[in-house]
Structure formats: structure tokens, C-alpha cells
2 protein chains.
Amino acid sequence: MNELALIDRIRRMTRGQRGLVLGIGDDCAIYRPRANEDLLFTTDQTIEDVHFLSSHAPRAVGERSLARSLSDIAAMGGIPRFCLVTLAVPANYEKWIDAFYRGLIGLAKRTKTLLAGGDLAHSKKIHCDVIVCGSVQRGKALRRDGARPGDRVYVSGALGKSWTRRIVPRLALGQKLVGRATSCIDLSDGLSLDLHRVCLASHVAADLDRIPLTRGATIERALNGGEDYELLFTLPRGKTAPRGTLQIGTIVVGAPGEIRFEGRTLQPLGYDHFR
Amino acid sequence: MNELALIDRIRRMTRGQRGLVLGIGDDCAIYRPRANEDLLFTTDQTIEDVHFLSSHAPRAVGERSLARSLSDIAAMGGIPRFCLVTLAVPANYEKWIDAFYRGLIGLAKRTKTLLAGGDLAHSKKIHCDVIVCGSVQRGKALRRDGARPGDRVYVSGALGKSWTRRIVPRLALGQKLVGRATSCIDLSDGLSLDLHRVCLASHVAADLDRIPLTRGATIERALNGGEDYELLFTLPRGKTAPRGTLQIGTIVVGAPGEIRFEGRTLQPLGYDHFR
């Protein structure tokens, strides 16, 4: 199967999608912004032998590749609009590509994320990059830099999950936090590193009271693992938190980025590709 | 050097850029659309041993990675707004990353393309993906599907270039063609395949009269090579073509996608990753 035929097959999987001026098949996709929206952009790589193994089901790899980027959109309070997918695979991977796209497009349909285009190439190892564009009311995006001393720190669920489970991006919660949370981030690199990032950007410190764990998880994995994909957010004291979320600490005045738990200062040891 | 320090270094290279609500350093970048603009999106992969060799200067690889995507924006008549860059490299490539970004950011500054964000990861082979967002007046993007019988076919320069030369994206020409050209594409996969794509999308055929060659190039390379990055466009008969562009043929009624040259039908043999 040649490139034109492959692209045509992917295009047929997205039949019936509405909302783009122009989708797959030209030099660029065309998106027409709505009145009063800010656009959010994020991109995440998913690489064989780094983020998954060749023994993993391609359908799950496709779904997970999109889910990781959608989680970033959720963290900013956005509504997903469309995605671009680049994929490089070894020769004779047509079946793999097909299953990968079925997984990805399944999640795209459930979250109303349009597939706008991308790029296909060959490489020895599988390499995927998913770019998602989301939208949020002008000036209302949730950011990392708005946490203030006295704010309460929350997470959207128990931590320390294994990286083999399915990622469910917290889109509805993120949208609900718009106009309420003072900061938000998704836990993709571990609580210790991601809360450190929020505190650094906001020039504050944090005291942790408790760390809710999933069954079988260790405190170590909850702090320094990197696969929770829950939202971490801050609310001003007295604001009611959405149902199902858990308070874990308080923002305090202190050395920017410092996190304290059980009397000691935590090292931001979450996942770092370059350490 | 860890990931935070590396990202901080890249961010410093882009100091002083204006035009984004939020750039590098949060879960997403934020772009605020202007009134009456359509947004164009394109993405291109640049892979070690496929698009370049490890012996190539990283600065040139960085510039070329962005240039390829900018060429797609040019082909739609767009003004580049911002880019996202994902990069996966082996361990201890900090110097390479630095030079790569210097090359990329140099071209970004010359073309007023803001660096909005991206993703860094490790992999055995270097893998890069550059997403560019451009803008064009609402409804005015140049597309592949508007060529009509009687239109003249033009290219922006002589063909058959070697892939080692520098790519100069034809942004000014593309913007000049808005409201004038009936179709446009960039020659990234060879004249025979790219003109075939225009004719297929427009449900027309084409007769080629002449193929302007660069010094030392063969007709074979001009037809089926893939590294010209000139614009191929169609103008209604009688419309004056911009200075420096060359007429090479005419759009005709015929089997959709058929290209004739010197009495024979050309096979669309340009570069195809999956053949």
C-alpha cells in the first residue's frame, strides 16, 4: 500500500466529522476560530522502547498517544477541537498503523477531537507525536502561575497508578475548574515534580498533608512516578471543590518551588527525560 | 543538564518574542486569534538516516526542519504565526540540541515565526517534528482543488535541486498569490507526484510544455526528485504571473490526475515513504 492509499484509508475512518474548513489532504489543515476563544496547543511524543514496547497492542498505543495530549488540554480547562498526528514506523506496518489509528480515532470521537492531518514516514523504531488544539473562553485558561498562599491543593484522584492502565483525560473536570481554580497542571511526571513546577511558576511553596494512594501503590511511586494523569489544582480557601476531588495540602509563603511533607523537604524527582 | 534547565535555555533563546498569550513553560501554549483570520496547520517529521545523516551540521538540520513546514504554509498563502517543536535525541546531546535550536530559531526570527512550545525526549535516533501555525484572511487560503481547464501552470523556480541545498520557503510569493491563483502546492515530493495531487483534487488533467532545470539537474530528478520546495500554482488564462515565476504547462479536461509531457503520460513517481 502506498502513502496516498494509506492516507485515504485514515481519512475514511474520520468520515462525517464536521468543524474544520479543510481536513486531511492538502498542505495544511484549515481551522476557523470562533468569536472570543483562546486556542491552546500541546504536543507529546510517544516512542517505542521509551513510552511503550513493540509487544503492546497498537490500538492501546494509539489511544494513549492522544490521551496524553488531551490531558494537557484538560489541565488548561480547554475543550478539545482537533489533533494532528505524525507517525513513523518500520516497513510493512500497514496493519499496525490501521489498529493504531482505530484506537486513536475511537478516543478522538468520544472527546469530539477532530483529526485534522499529520505526517507519515518510515523509521526503524515507532515514533509518534500528537498535537492537540483546544479552546477556552478568552483569558480564562487555567495556568501554573496563579497559586497564592492560603490556597488549598487538590488532586482529581488517588495517585501511584501503574503506567499500563488506561488514561482517562480529565476534560470535564478541567472545564469545571475554569473561573474557580487559581492554578492547574496534569500529573504526568509525578506529584513531587509537577507540584514543584506550579510552585516555581507561582513563586510560592506548598505543605502536603496527605497523599491518597491507589491500591498497591507506594508513596514513592505517587511522589516520583509519572503516569497518573490526574489533575493537580489549587482553589482559594473556602471555595467548594468539585465532587470526587481530594485535598492534599496548602500553598504557603516560602522558597519558590519548595514542597514539604512529613517534616522534610521533597526533592522534585519525578520523571525527567534528561537526567 | 536536566530537562527543566534545557527548556529554560531554549526559552532564553526566544527572549523578546511578542504575540503569544503564553509561550514555553505551561501544559499548553496559548494563542489568541485575530479577527477575520483562518488558521493553517501543518507538521513535518525530520528523521536521522531518512531525512539527514548524523554527520550533518545540527544547525542546518534545525533550520531545514522548520523550513519544510514553512514551505507548506507558503503553499496555502499563509503568514507564519508560531511553531511547536518536538525533538527526541540520544543521551548527552546537549550541544547538538543547542545548535539545532540556534538554526531553527534563526529562521524562525527571520520569518517572524514564534516558538510556542514543544516536547523533549530521548531516543536512539534523532527524531524531530515541527508543527507550524499560519494565518490567512478568512476563506482566502490557496488550496489544491481549485485548478480549472484553461488555467496556466507555473513554478516559482527551476527544478531538480539537490537535497543538500538550503530551503528558502516561498512565503512572500505565496502571500502574493492569495486572491489570484486557483490552486497551489509546494514541490516537496517531485513535480510528477505533486502536480498529480493538484489535478486529482481539482478533477482535471495537465499538459506540460517545458520543465525548467537547475544547472546539472536531469529531467528525471525534476520530475521525480523530492527536494525542490518551489511553489507549483495555477493562474486563470490572461492573469499576469508574479515576476520570476515560469509557465510550464496548461490545465486541461481529462482523466483526473493525468499529466502528459512530450506525448506520453507521466507516472506519479515522486517520493513516497510507503512504496
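Values quoted throughout were computed directly from the atomic coordinates according to the rules given, and no laboratory measurement underlies them. Treat the numbers as computed from the prediction; the structure is a model and nothing was measured. Because the Cβ atoms are built from the backbone with ideal geometry, glycine has one as well, and the counts that use them run over all protein chains shown.
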message: From the mean inverse distance of alpha carbon pairs (Kirkwood) and the Cα radius of gyration, derive Rg over Rh for chain B.
response: 1.00
- request: Kindly give the distances from A:VAL253 to its copy-mates, label point to label point, with each label point 7 Å from Cα along Cα→Cβ, as nm values to one decimal ordered shortest first.
  value: 8.3
- line: Measuring from the longest principal axis of the C-alpha atoms of chain A, the long axis of helix A:94-110 (C-alpha) lies at a number of degrees, nearest 10, equal to 50 degrees
task: Excluding residues fewer than 8 places away in the same chain, name every one of the lysines whose C-alpha is closer than 26 Å to that of B:LYS95.
output: A:LYS124, A:LYS125, B:LYS109, B:LYS112, B:LYS124, B:LYS125
- prompt: Which whole-Hz ³J(HN,Hα) couplings does the range B:173-183 yield from phi under the Karplus relation 6.51 cos²θ - 1.76 cosθ + 1.60, θ = phi - 60°, glycine and proline marked x?
  reply: 5, x, 5, 5, 7, 4, x, 10, 6, 8, 7
- request: Report the dimensions of the protein assembly as shown along its three principal axes from the alpha-carbon atoms, largest first, rounded to Å.
  value: 83, 44, 41
Reciprocal of mean inverse Cα separation for the range B:134-208 (Kirkwood radius, Å): 13.6 Å
- line: Per the rule of 0.36 nm per residue minus the C-alpha distance, extending A:ALA5 to A:LYS95 adds in nm 31.1 nm
statement: Most exposed to least, judged by fewest other Cβ atoms within 10 Å, A:MET76, B:MET13 sort to B:MET13, A:MET76
message: Can you return the lysines within cross-link range of A:LYS140? Criterion is Cα-Cα under 17 Å, with same-chain partners fewer than 8 residues away left out.
response: A:LYS176
query: Spin-label point model (7 Å from Cα, Cβ direction): what's the B:THR218 to B:LYS109 distance in nm?
result: 4.2 nm
- prompt: With axes computed from alpha carbons, what is the tilt in degrees of helix B:191-202 against the longest principal axis of chain B, rounded to the nearest 10 within 0 to 90?
  reply: 80 degrees
message: For a Förster distance of 25 Å, can you work out the FRET efficiency between the beta-carbons of A:ARG165 and B:ARG32, rounded to the nearest 0.05?
response: 0.10
- line: Counted neighbours (other Cβ, 10 Å), sorted fewest up, put B:SER192, B:SER54 in the order B:SER54, B:SER192
C-alpha long axis of helix A:3-13 to longest principal axis of chain A, angle in °: 60 degrees
query: Roughly speaking, what % of Cα-Cα pairs in the range A:3-137 are separated by over 28 Å, rounded to a whole number?
result: 13 percent
task: Let me have the relative contact order for chain A, percent, based on Cα pairs under 8 Å that are six or more residues apart.
output: 21 percent
statement: Calc'd 3J(HN,Hα), the range A:147-156, phi into Karplus 6.51 cos²θ - 1.76 cosθ + 1.60 (θ = phi - 60°), Hz, glycine/Pro = x, comes to 5, 10, x, x, 4, 8, 9, 10, 10, 8
query: Between B:ARG11 and the same site in the other copies, what are the distances in nm, shortest first, taking label points 7 Å from Cα along the C-beta direction?
result: 4.1
- line: Zone reached by a paramagnetic label modelled 7 Å from B:ARG138 Cα along Cα→Cβ, restricted to the range A:18-60 with backbone N below 18 Å, covers A:19-22, A:30-39
message: Using +1 at the C-beta of Lys and Arg and -1 at the C-beta of Asp and Glu, which of A:ALA108, A:SER69, A:LEU6 has the Cα lying farthest in the positive direction of the dipole of the range A:3-137?
response: A:ALA108
- request: Report the net charge of residues surrounding A:ALA108, where surrounding means a beta-carbon distance below 12 angstrom and charges are Lys +1, Arg +1, Asp -1, Glu -1.
  value: +4
statement: Rounded to one decimal in Å, the inverse mean reciprocal Cα-Cα distance for the range B:152-263, i.e. its Kirkwood radius, is 14.0 Å
field: Under Karplus coefficients 6.51, -1.76 and 1.60, residue-wise ³J(HN,Hα) of the range B:223-232 in Hz, glycine/proline x
entry: 6, 10, x, x, 9, 7, 6, 8, 8, 10
message: For A:GLN175, place a label point 7 Å from Cα along the Cα-to-Cβ direction in every copy; what are the distances to the other copies, in nm, shortest first?
response: 3.7
